[in-house]
Each structure stands twice: as C-alpha cells, then as structure tokens.
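To start, the structure under review is shown below, and the notes come after it.
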Amino acid sequence: MNEHMNENQLLQIYNLRIGFGTKLNDVNPIVHGLNLSISRGRILGLVGESGSGKSLTCRSVMRLLPDGGHVLSGDVIFDGHDVLGMSKSELLAFRSTQVGMIFQDPFSSLNPTRRIGSQMIEALRTALSLSKKDAQLRALSLLEQVDISNPSAKLRMYPNELSGGMRQRVMLAIALGARPSLLIADEPTTALDTTTQAQILSLLRRVRDDDGTSILLVSHDFGVIAEMCDDVAVMYGGFIVESGPIEEVYLRPRHPYTQALIASVPTLAIPERGYRRPTIPGPPLGTLPYTSGCPFASRCTFSRAECEDVSMTLLPVGPSHTSACPFGGE
Amino acid sequence: MVDVKFRSRVVANWSTQTRVGACIVGAVIAAALIGPILSPWDPNAPDVLASLEHPSFAHWMGTDSAGRDVLTRTLVGTQISLLAGVLITIATVTIGTIVGSLVAYAGGWVDAFLSRVVDTAIAIPFIVVVLATVAILGVGTVSVGLGMVLVGWAVYARLARAEVLSLREHEFIMATKSLGYSPARILFRHVIPNVIRPSLTFATMDVVAAMVLLAAMSYLGFGTQPPVADLGSIIAGGQPFLLTAWWISTLPAVVLIALGVGVGMIDDGFSTGRKGKR
Amino acid sequence: MLTYLFRRLLLSVAQLLGLAIVVFLILQAVPGDPVRIMLGERVPAELVETVRERLGLNEPMLTQLWMYLTRFATGDLGDSVTFGQSIQTLVASRIEPSAYLITYGLILAIIFGGVLGVFAAIRSGTVADFTIRILATALLAMPAFWVGLVLALVFGIAWGLFPVSGYQPGLVGAFRTLTLPAIAIALSLVAVVLRTLRSSMKRVLDSEYVEAARARGYSEGRVLARHALRNAVTPTISIVAVVVGFLIGGTAVIEQVFSIPGLGSLLVQAVERRDYPVVQAIALLAGAVVIAAGLVADLLQAALDPRVRNTISNG
Amino acid sequence: MKFRSPISIAAGVALAVSLVGCSTAGGPTKPDASEGLCTSTPVAGGSITVAKQTETLSLSPYSTPGGFGDTEALNMIFETLIRMDPTGNSQDLVSGVADTWSTSADGLAYTFHIRDGATFSNGRHVMADDVKYSLDSWSDPDVSQWASFARGYDSTTVVDDSTVKINMTEPIGGFLYSLAMVSAGILPQEEAKAAGDSFFDSPIGSGPFAVDKWVKGSSISFVKNDWYWDTSGPLLDSVEFRFVSDDNNRTLALRSGDVQMVDNVPWSQVKTLQSEASLTIEEFAIPSWILLSLNNQKGPFADQNVRQALSLAIDREGVNEKIYFGMGEAPNSILPRLRLDADASTIAPTAFDLNKAKELIAASKYPNGFEATLEYPSGNAAFDSLAVVLQAYWAELGVTIELLPEDQGTLSKNFTGGTYDIMLPYSFAASDVPVPDEFAEFYAVQGGTNGFFTWWNDPEIEALVLDFTGTVGDEERAAKWPAIQAAMLEAQPAINVLNLPLVNGHLNNVCGFSTNPIGQSTFTTTWIAG
C-alpha cells in the first residue's frame, strides 16, 4: 500500500471497483476502477446524476455498502490507514472518530423514537468516552456551533418536533462531535428548501474554514458544487469522467457530460422567449450493464465510432485537470 | 488486494421463490382435482369390513375407521378445504375492505361511530360467534365458515380504514375530486384498488389460517359435515386414532402443511416483489 | 394524555355495553334449552317447565336483556343454570389456568418469534432467513390439536419431561403442567410474531437513521438494540394485542387436548349446554381483555414512539 | 406394505427419531404381570389417581348436571340405605347404611334397621332422623331433580333412633333399586341444614370416602373415611379423579404414569393398550347400549315393519368387530342387559338379515324406501363411523339417510322436542338402575317422557309394564319380564345397536378394582401392590 502514500492527501481511493450481486460468479460491477483523493482542508465535490455511483463511492469509504454491495478490488487509504483492511474494532473507531457523515433526508436519518439529546450523547460518548455530563455540555456547544438557538430545549425534543433544516443541523452537529478530519455529506441539501439549503451550505463551509475539516460533498446539482467546492470529480456510469479544481472544470469543462451538466444548471437570468433549458438526451443511466467504451457515448451529442474503444482513463487536459474523453468535447 | 467476502445467499431471487411456492400449491391443486377421478375408490362409501387398514397397494394411505380410502378422501378434502379457505378469505376481505373504506371515506360521525362498531366486533371472541352459527345452522363447514366471516371482516375493515385515511389526502385522490368524479366512483375505482393491496398480503396467509381454524373447529366437533369432509375434519376425525392408525391424519396434515408452505412462499415473493417496484 | 385516557376508558365502557347486547342477541338466536340439558332427558316435562319459570327463562326477551344488563351493572353475575354453581365462582376458577397459559404461550412466542424474526431480518435473503420463514409457515399450517398430541407423545411419554394432562394451580404447578400446551400455542403464534417483526425490522434496517448510526461507529449490537428494534416493534405490538383477544376462547382446543380447566373449554361447554349467562360472562371478560389489550398496546406504542404520541394528543 | 410400529410413525412426520424409544409394545406373548402382582395379600395404604372422561360438576345428590361425573363422585361420598353390589359380581342389592331390611307383603311399607357402625365422615353416627330428612329431600320435586324416581314414596316414619319405616302410596317393584341410587344417599340433617347450599361444596356423607379437595374443572380428591363401618375397606388412603375428556390424552396420561387408572378406554386403543406389558385392561358388564331412537310420530317410523327392517339391516357383527373392536355384544332387547332379562337361548339376539329386512320394507307402506335424517353427537369418533355405516346399510333398503352431526344442545332440543327422524341421542347411554323398570316405563308408559321421546304407544305393552313395575316380589317379577322384553323387541320402538361394556385400564400394580352393576367405580377393595 505504501506506494500510494501521500502525506498531503487525507483520503485516497485507488482503482476502486464496486459490484452488486448475490453470488461470486454473478456480480454486476457498478463502479469501475475509480481513483479519487481529497487533500486536507479542502472540499471535494462529487457530482453526477443519480445512479452514477456517487453514493456507493462515499459509502465504501465508511465500508457501509448496502446489502449485496461488494468492493471487488482497490484500496481506500485514509490518513495512511487502509480502510478496507481494518479490523472490526478499528473500523468502529474509525467511523466514530475520523469521519462524520450526513445524509440526504434529515427526516429519516435521525432515529424518530429517541430524543435529540440522547442521540447526541450516545454518539459523543461512543466517540470520545466522555462522561454523561461532559457529553451533554459538548452537545450543547455543538448545537450552538451549528446555529441552533435554545439548544438545551432542543436536546429534550424528538426529531419530529423539529423542522428539516433543524434536523440537518442536528445531524451535522452529531457528525462533528468528534472533530472528524473528514466529513462526508451525501446530498445534504436536496430535501431542503432553497433558503435552508443556503444556510446549511454556509455552515459546512464554516466548518471547513474553522476546523480545517476536509469535506466530501456529493450532489447532483452542479450549482451547489460550484458554489462550495475547491475540487470536483464528475461521475458518470461508475467512472470519473472529469476531475480538477472547480474553476478549471466549471469554466473549461472538457468532457461532454460535464458540459451538459453545467448547461443544465438554472440561472437567475430570465430566459429569452422560446428558450428551453438543455437536457441530456438519450436513455437514462443504469438501464444497461456496462460493457466497454465510453458509457456516455449513446447520449453524447459528439459521439462517434471511436467512442466504442475509449479506455476511460483520465487524461491530463490542464493544470491538475483531467478528463476521460480523448476528444475533448468537440 | 482486498479480500472479498460473500455471505451465502442462495435464495435471493424472489421470483424463484414465488415460482416454487406456486409449483407446490399448483401440484396440490392438480392432485386434488385429478386424483379423485383416477382413484378406484369412492371417497364417501364406507366399507366397515375394511376399516382401519394399513397402507397397502390397494389403499395407498390405508383406510379410515369407516373403511373409506384415506388418499381419495384427502384429495377430495383438499378441494373442499381450499375452496372454503379461499371463499372465506375473499368474503372477509371484500366485506372488510368495503366497510372500512366507506367508513373512512365518509368520515365525521359516521366514521367515529362505525369505527367503534368495528372495534366492538373485534372484541367479540370469535369462538362465541362460530359456536352460535354452528348451533343455529347446524354442524358443518358452511356454518363454521360463516362464523369466521362474521368475525374476520372487522380486522380488514380496520386495516382498510387506516389505509384510506392515509390515502385520502393523497394527490391523486385530490386530483380525482377536482375532476368532479362522483364519490362512489372515486371510492370504487380509485380508493379501494389501492387499499386492497396491503390487505391481500394478509389475505394469502389467511387462506391457510382459515383452513387450520376449520380443522380446530372440527376437532371440537363443529366442522364435520358428512359424508364429505374438508382436510381439517379428516385430521380431526383421525386424531382419536393417531395412536393406533397414524395414517388417517398424517396425509391430510402433510397436505395442509404443504399448502401452508407453498402459500407462504408465494406470499413472501409477492410482498418482496411489490416492495421492489416502489 | 389524561383526557385521552379518560375518553378511551369511557369508550371502552360503551363498547362493553354494545358487546353485551350483541352477545345477548346472538345467543337468543341459538336454539336449545339449558334447563333440559341440565335436568337430562329422564325427568318429566312439567319439572322442566317449573325450573324454566323459576329461572326467569320464560320472560320476554327484552325483560331478560334488561335483567341481564342490570345484573351485570351491579356486578352480580348470578348463577349458572347448568353447572350448578355461581358464575362468579365458576369463571373465577377458570381464569388462572387460562391467564397463565396465554401469558406463557405469548412469552414463548414473543421470545422465539422475536429472536428468529430479528435474526431473519438481519440475515434477510439468506438460506437461514428462508429456512426460518418456511418453518414458521409450516408450523402455522399445523393444527394445534395435532401438534399438541405429538408434543405430548415426545415430551410426555418418550422423554417423560412434563405431565401430559391436567393443571396444577400455583406458579410452579402451572409451569410444569402448562409448558407443553404453551409450546403448542406458541408454535402457531411464532409465525405471526416472526413475520411481522421481520418485515418491520427489515424496513427499519434499511432506513437512513440506522445507516447513520452505523456511520457513527456504533457496534452492530448497539445499532440493533438501541436503534432498530425499538422502532420495529410497534406493528408487532398491535398484532400481539389482537392475538390476545383471539386466544381467549381460541385456546379451547389446546385446553381440550391437555385437559386444562380454562376459560376456552368452559366457553365451549357452556355453549353446548346453552348456558347463556356463562357464555355472556366469558364473552364480556374476553371483550374487556381485548379492549384493555388494545389500550395497553396504544399506550405502549405511544411510550415507544413520540410520533404516535403526537397523533394521540392531537386526535 | 405394512407398518408395525404405529406410534413412532404417528408422529413420524414431525419427530420420528425421538419417538422410537416410546414404542414399548411388547412381544407376542405378554406375561400377565398383574396376576403375579395381585396374588399376594391386599395391603392398606397408598393412593391412586384416575383419569375420568366426565367432569364432576356438582356434589349435590339432588342436582347432577354433570351426569355420570357427578353420580360417580357422589357414590364415593354418600352411602344409601341399601346398595347395588359394589363388587359388581351380581345385580342384587346388598346392605349399606341399613344392615337389615324387610318389605311388607302388600309392598306398601319397608322397614330398615340402621347398622351400628354407620357413621358420617365427621364422626357423627347416622340417625333415623338423618334418613328421614334425606329421603324427604330426595322425593321432593322442588329440591331434587331425581324426585320422579321416588314414585310411590309417601313418607318416612322414625320408629326409633336406628329404625325407619318407609310408607308407600302404591307398590313399586323397583323401589328398592331406586333407594340404592345415590340420589337417595343419606345426608347428615343438622350439618346440611346449617350449611345451606354451601353444604354441597364440601359435603359430608357416610360413604367410604370423604371429599378432600375439589379443584373445579380439574380434579377432585377423596380421602378415606376413617369412620366407615366396613373395617375391611377402603384400603387406599386417597383417591383422585382427574377430569380428562380427550380420549388420547387419557390414555397418554396412563402410559406416561401421570395417572394409574383411566376409565372409558377408547375402543380403538383397547388392543394397543392390551399389548403394553405394564398395563391391564378390564371390561365391566354394565347396562350400557347404543341407543338408536326412532321418531314414531313420523310417517315411516310409525310402521312397525320399517322399524324392524331398519334393525335387521344392521350388520351388528361387522359394527362390533370394526368400530367397537369386538368389545360389544349383539342385544336381544331394545334395552341394555338388565336383571331378569331372558338369555340369548330364550330370546335370540337380532340377526343380520338383509333379505328379511327387504321383505319387511316391501310389505310396509314405504315399499320404495324413503328419505330421513340421522342426527348424532358430533366429535365422537365411533359415532362418526357408525353413522356412515348405518347410512350404507339402510341404503340397501332404499332408505336415503342424511347425516346430521350435532352439538349436545341441538341434539337435546330435537330429541325432547320430537323434531328428529332417527337419532343417536347419547354418546354414552346407560340405565341408572340394573333392573328394567326405569326404561321399560320410559318407553311404554304414557306421559312423562313420551315413550322416551319416540312417541311410541302400545296400550297392551303399557299394561304389561305397569303390571310388572307394580309387582314387588322378585320371583313374580322374573316371571313377567321376559314376555315384555320380547314384546318390546318385536314392536321395536327404538333400536339397540349393541350392548357395550365399560372398559377401564390401569397399571398392573392396581389390584382389586371393581365397579357396581351400573359402572360406578367402587374403590373399597382396591389396593396397590408392591
């Protein structure tokens, strides 16, 4: 593993292949040889439409693949440790102290039958072996940190007594409990209204700025990614099709899929009469198993015969900017 | 290299399970329908001189205490049991769903009042009702079945009511209302078809439960309607001979269990399949 | 919450009254003469008439209903026509075995159904899960009187572990005499508990908050016990509450097989003897237990789940 | 293919392996262990638990809703002036509370001398006043449901402390037998009056045993009455009746050793149990029969030809062999085996004669047959078989039978209401006395039970029966009865399908068990060996 080690990188994923199946000889690969890394203190956006493998990728970091999901090969190195090789107890410690995670739906990601306080205290005591009292104090300060007013009252409440934005803040507070060095946010604002979305995003950015926490932000919305991230990786069909610093990718997208994604971001400008927001043509993702070549070819406006033979390796197209399309979107 | 661990998952394909279940049930039904035609024995004709005979080439599963061929009787009994189980279940589900839906859809005091009626109906011990129908209409599958319907509908009514209440505010119901459909049309064309689904999950198993309950009533002496007998009656009738002529109850019990397992497999397959589609 | 409880109790009383009337009407439709059954066929018809007159069985139906309701209201259950003793004594003497039997059976069913249900949910889709569920359905399809006899043969005769018949009062005696019948009852209930718990448990295990709990580095045991199970038990509680009602009287078969002097077999005897006051008393008792079980289930669910609590205090 | 080990295969579907050990069926020749064990001198002490089919519901001699379950328990507690022979060896009467008695020549008075040792279980001596009180209660229809059996009783005169005289309004031939029924048992007057109704929760009598503990619905136990006059018995310290209505369960309880004795061994299990080396199966001849009632009010059954044909068409040998496993006996009476009956050489048992039956039907008003219903108790294995077999037999005569199994309540209503066609009204029918008087009157004498609900009416036979029941002398009675027996058999108002014995089973070390002639267990001579 040591050949992959890089002190600046907090998380490195090498050649990760994830498949679904129930039998060894009947596994359907979903994520194909993926490489990804997050530097310390930076926000990496992982963007792509649903079914592209974003969620599987970030769950594999926690080794929380759903039933039937398997890592077929590859490495996940976190802070120099091999996550996939961790023992059970190492894994539990890793999850509780090193990484925090928040989910898409704040309505269902908190246990509905237990008070906020009890859930927070449980998490804090698991991660930090605090006394009950200390855990409570820490819980109060965490809630304050995520801008929750009257935190002691909130501790006594049940999730169903809070609004969606509040719940997502609570989730965030729990995730930050042990000051993790990585925060995984899987579509954290999708279920929220725009105002709350903005508040949560600014909270996330503050967390990075104040604590230096690295964030892996998953979204299908390029607008959110563009606003939040330092780096971005675009996923399609289980491949990363383009990656690089956000300004590079956003301003000079090289992969036709990235271009299409960016084009579909709504803008505040009032569209001209007769304007139709571009949509990505072709069949949606995931209807056919991957065989070879570029998975986007069938929907790509620039597709050509050679697309069948594309190897899907990322080729440098600019400073730290790589793309899997050898034709550069022309 | 990561070592890849697989849990042993032999049965993951739910449709396979449904298919196996359907095969079991289908085989039992086929045997029940065809068997009696092929059998040289009359299921109801007693032959006292040939009573309690061990299984032999002539009587594959022996004879009962009146000298009737156990195999043939069991096959005919399977027809009756299945028919009874299915009819009882259809009746309870239909009545229960319609009442429950109407109650919930009507709302207001109708709902408040009728819901209590449903609750009260659930509180009546089923055995009182069954014993009463038996005493009024005479011993037999029909009376016991009727008693079971009179009690059983209430559970489905409660189920349907809860389901309708959650559906009532749904957008598609609102949409049908805004289209100006009549309440009856909304209820029968749009609400009930959606409500009946969760009931059906219960109902498949209820077919088996009904057959077992019929057997229990036969044991207490209320289910047998000679000369024909359902599976339960044959098992109950053979129970006194379990220690001396094991073969009378064994085959019908095995058939009942096979049906139970088969229906259970179909049911599991169904519910998983449905969930998958959502 | 208190107003809710009060309203529920008030409703329960109304329900019991309705139940009393319904049961009375049902029994009125049943043909047969308790006095003749009590006296036997060997006494002359005149004596039968005299006794009927004395017991008020010749009164018009509404008068009888009124007599019966007022008697119940004052807590006087009267005398059994055909058992030759007061209904109070008669029913009271049969409560203990039934109560122990049902409780014992339920505990066994909940323990085995619960453990297997959770196990099947965790191992959902595996051979173990499949086997458990098929076994449970097979048990469901076995008539209790048949299973009971097999149990008696194996544990009673072959291994001599438990007595095969009768009932001894007291906890120790009840444990000894009721173990086999309780197993027979539990076997059919296991399937119900198992299936309900498995499906709700599966749903909960797939939920995001369980995933979130795992992401926080909780051990699998803690995730199951503290986060999944508690949320999964509510549907099972409702089912168990309904089952309790079914069991009163529903245990008649098992009581018969194992000769246990419980309410179920008394109910069957009383109906056969057309002893209406006894039937009514048991039916009302059973109804009261069902209503109480429903209430307890609702309160338990409210205690376990704040969302239920909300609907209760709002509704 | 034949299977030899029935038990292990019975449960084989579920748990075959575990059961192999319980199949204890012995070899071809079974050593009769019981004889060996019971040949030594009887010893006192010990206790026995008996699984009884019928529950005891009441301990009042005047109200016995539990039927046999009640009277049998009462027979343990109370003793009558004179008793049916507790050994069952004869159908004669033997001394009880009274050691000597005499009948006046006109049959209008009986004198009884109370034996010196007759003592209630509380130690108080039985007095003439107790006897008077008991008999007055017994004969009072407001107190006793058995009052109709006291027909002819007028009053009791206390002659002195140990002598009573019973005065009759008319001579009644079977009166002494009525006095031997437990409903005429002797109660302690003071104690009974003082306790009121609660006396019967734990009654005091002068019988061989006293109630120890009565767990209603479950069991009743008796302890030896230390004051009992007969110093040679009872030998047992205590007896417990456990109520086990399920046939299988009763025999399982015996085989598992939970109980030492069972009554009413199910017919189908007699042979299996006989082959168990540790068990003894005993048969007791009692006046019990399969009573098949015909409703003489209804068209076909008003015709004697039809009634006879129905009886002749039954293959009793086949029924006995296959349904009652050879335990029954073809009857030569419409009543069960009773004292004074003519034997089979005088009156031949009804033979199976299908041709004659067909001739009779052809000669009847229904030469082409008819349709009728047969009602019978549901949940009785033997009757389930019997009913379908009867249906088949009678189909030969062109009679189409619809089978209607019914619960006891419906059965009783249709029987006494006379709405039935043909009925097997009882799972277990038995006479309350070992003499013909009871049922001869039921059938032949108008009023009361309407020909025991057959609505049969034959003035000639009625006159004969009244003459018989009014005759007191034993010899005269013995001379009159057989003619009535034959006449009633010919008239066939009802059909006796088979006489049945009482079959009990017990462990080999239970010795000296007997029942009285009507099948009530008497445990006075019973003892436990080894």
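The values are calculated or read from the model by the stated rules, or taken from the named source; none is laboratory data. This structure is a prediction, so every number in the text was calculated from the model and none was measured. FYI the Cβ positions are ideal-geometry reconstructions off the backbone, even for glycines, and counts take in every protein chain you see. With ligands, DNA and RNA removed, areas are computed over all heavy atoms of the protein, side chains included. Shrake-Rupley method; radii C 1.70, N 1.55, O 1.52, S 1.80 Å.
Overview of values
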{"quantity": "Verdict on C:Gly217 being open to solvent by less than 10 Å² (accessible area, probe 1.4 Å), at pLDDT below 85 and within 28 Å of A:Glu122 (Cβ to Cβ)", "calculated": "yes"}
{"quantity": "Residue, nearest to the other protein chains (Cβ to nearest Cβ), within the stretch C:31-71, restricted to residues that are open to solvent by 40 Å² or more (accessible area, probe 1.4 Å) and of a type in the set (Val, Ile, Thr)", "calculated": "C:Thr50"}
{"quantity": "Residues satisfying the stated conditions in the stretch A:239-249, i.e. open to solvent by less than 50 Å² (accessible area, probe 1.4 Å) and farther than 29 Å from A:Gly19 by Cβ", "calculated": "A:Pro245, A:Ile246, A:Glu248"}
{"quantity": "Subset of the stretch C:149-165 that is without any contact (Cβ under 8 Å) to a residue 24 or more places away in the chain, at the interface with another protein chain (Cβ under 7 Å from one of its Cβ atoms) and not in a helix (DSSP H, G or I) - its residue that is nearest to D:Asn248 (Cα to Cα)", "calculated": "C:Pro163"}
{"quantity": "Qualifying residue in the stretch C:274-295 (condition: within 25 Å of the chain's Cα centre (by Cα), within 14 Å of chain A (Cβ to nearest Cβ) and either open to solvent by less than 50 Å² (accessible area, probe 1.4 Å) or under 30 Å from C:Leu65 (Cα atoms) (or both))", "calculated": "no"}
{"quantity": "A:Cys307, sole failed condition from (1) open to solvent by less than 30 Å² (accessible area, probe 1.4 Å); (2) closer than 28 Å to A:Leu216 by Cα; (3) at pLDDT below 85", "calculated": "(2)"}
{"quantity": "Members of the stretch C:113-131 that are within 27 Å of B:Val254 (Cβ to Cβ), surrounded by fewer than 20 Cβ atoms within 10 Å (Cβ to Cβ) and of a type in the set (A, V, I, L, M, F, W, C)", "calculated": "C:Val127, C:Ala128"}
{"quantity": "Total residues in the stretch A:192-231, condition outside any helix (DSSP H, G or I), closer than 18 Å to A:Leu182 by Cβ and not charged (D, E, K, R)", "calculated": "9"}
{"quantity": "Residue count for the stretch C:218-271, restricted to those that are within 14 Å of chain D (Cβ to nearest Cβ) and in a helix (DSSP H, G or I)", "calculated": "15"}
{"quantity": "Which listed residue is closer than 16 Å to C:Val279 by Cα and modelled with pLDDT of 85 or more, from C:Leu10, C:Leu25, C:Leu69", "calculated": "C:Leu25"}
{"quantity": "Residue list for the stretch C:125-144, filter: small (Gly, Ala, Ser), at the interface with another protein chain (Cβ under 7 Å from one of its Cβ atoms) and either in contact with a helix residue (DSSP H, G or I) (Cβ under 6 Å, 6 or more places away or on another chain) or touching a residue at least 24 places away in the same chain (Cβ under 8 Å) (or both)", "calculated": "C:Ala138, C:Ala141, C:Ala144"}
{"quantity": "Residues of the stretch A:44-69 that turn out to be within 9 Å of another protein chain (Cβ to nearest Cβ) and either at pLDDT 85 or above or open to solvent by less than 20 Å² (accessible area, probe 1.4 Å) (or both), as a count", "calculated": "4"}
{"quantity": "Single match in A:Arg277, A:Arg273, A:Arg252 (criterion: surrounded by fewer than 22 Cβ atoms within 10 Å (Cβ to Cβ), modelled with pLDDT of 80 or more and among the basic types (Lys, Arg))", "calculated": "A:Arg252"}
{"quantity": "Residue that is nearest to the other protein chains (Cβ to nearest Cβ), among those in the stretch D:245-265 that are modelled with pLDDT of 90 or more and part of a loop (DSSP other than H, G, I, E, B)", "calculated": "D:Val259"}
{"quantity": "Flag for D:Ser521 being touching a residue at least 40 places away in the same chain (Cβ under 8 Å), under 30 Å from D:Leu252 (Cβ atoms) and open to solvent by 10 Å² or more (accessible area, probe 1.4 Å)", "calculated": "no"}
{"quantity": "The stretch D:360-381, residues that are of a type in the set (D, E, K, R) and in contact with a helix residue (DSSP H, G or I) (Cβ under 8 Å, 6 or more places away or on another chain)", "calculated": "D:Lys365, D:Glu375"}
{"quantity": "Test for A:Gly80: is it more than 7 Å from chain C (Cβ to nearest Cβ), more than 20 Å from the chain's Cα centre (by Cα) and either farther than 27 Å from A:Ile200 by Cβ or free of Cβ contacts under 8 Å to residues at least 12 places away in the same chain (or both)", "calculated": "yes"}
{"quantity": "Within the stretch D:218-244, considering residues that are within 13 Å of D:Glu55 (Cα to Cα) and among the β-branched types (Val, Ile, Thr), the one farthest from the other protein chains (Cβ to nearest Cβ)", "calculated": "D:Ile220"}
{"quantity": "Tabulated pairs, the stretch A:91-105, first among the aliphatic types (A, V, I, L, M), second open to solvent by 20 Å² or more (accessible area, probe 1.4 Å), C-beta under 7 angstrom, 6+ apart or interchain", "calculated": "A:Leu91/A:Arg63; A:Leu92/C:Ser219"}
{"quantity": "Breaking point among (1) part of a helix (DSSP H, G or I); (2) touching a Gly at 6+ places or on another chain (Cβ under 8 Å); (3) not acidic (Asp, Glu), for D:Met488", "calculated": "(2)"}
{"quantity": "Subset of the stretch A:98-125 that is open to solvent by 10 Å² or more (accessible area, probe 1.4 Å), under 21 Å from the mean Cα position of the chain (by Cα) and at the interface with chain C (Cβ under 7 Å from one of its Cβ atoms) - its residue that is nearest to A:Pro159 (Cα to Cα)", "calculated": "A:Ser108"}
{"quantity": "Yes/no for C:Ala20 being farther than 23 Å from B:Val134 by Cα, among the aliphatic types (A, V, I, L, M) and away from chain D (no Cβ under 13 Å)", "calculated": "no"}
{"quantity": "Residues being open to solvent by 10 Å² or more (accessible area, probe 1.4 Å), in a helix (DSSP H, G or I) and either out of contact with any Pro (no Cβ under 9 Å at 6 or more places or on another chain) or more than 8 Å from every other protein chain (Cβ to nearest Cβ) (or both) - total across the stretch B:211-232", "calculated": "1"}
{"quantity": "D:Ser245, sole failed condition from (1) among the hydroxyl-bearing types (Ser, Thr, Tyr); (2) buried (at least 21 other Cβ atoms within 10 Å of the Cβ); (3) within 29 Å of C:Gly156 (Cβ to Cβ)", "calculated": "(2)"}
{"quantity": "The stretch D:428-442, subset in contact (Cβ under 8 Å) with a residue 12 or more places away in the chain and within 12 Å of chain C (Cβ to nearest Cβ), residue farthest from B:Tyr219 (Cα to Cα)", "calculated": "D:Glu441"}
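Here's the yes/no breakdown for (1) more than 14 Å from chain C (Cβ to nearest Cβ); (2) under 21 Å from D:Arg477 (Cα atoms); (3) within 18 Å of the chain's Cα centre (by Cα):
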| site | (1), (2), (3) |
| --- | --- |
| D:Ile48 | yes, no, no |
| D:Glu55 | no, no, yes |
| D:Ser60 | no, no, no |
| D:Gly66 | no, no, yes |
| D:Gly69 | no, no, yes |
| D:Met76 | yes, no, yes |
| D:Trp101 | yes, yes, no |
| D:Leu108 | yes, yes, no |
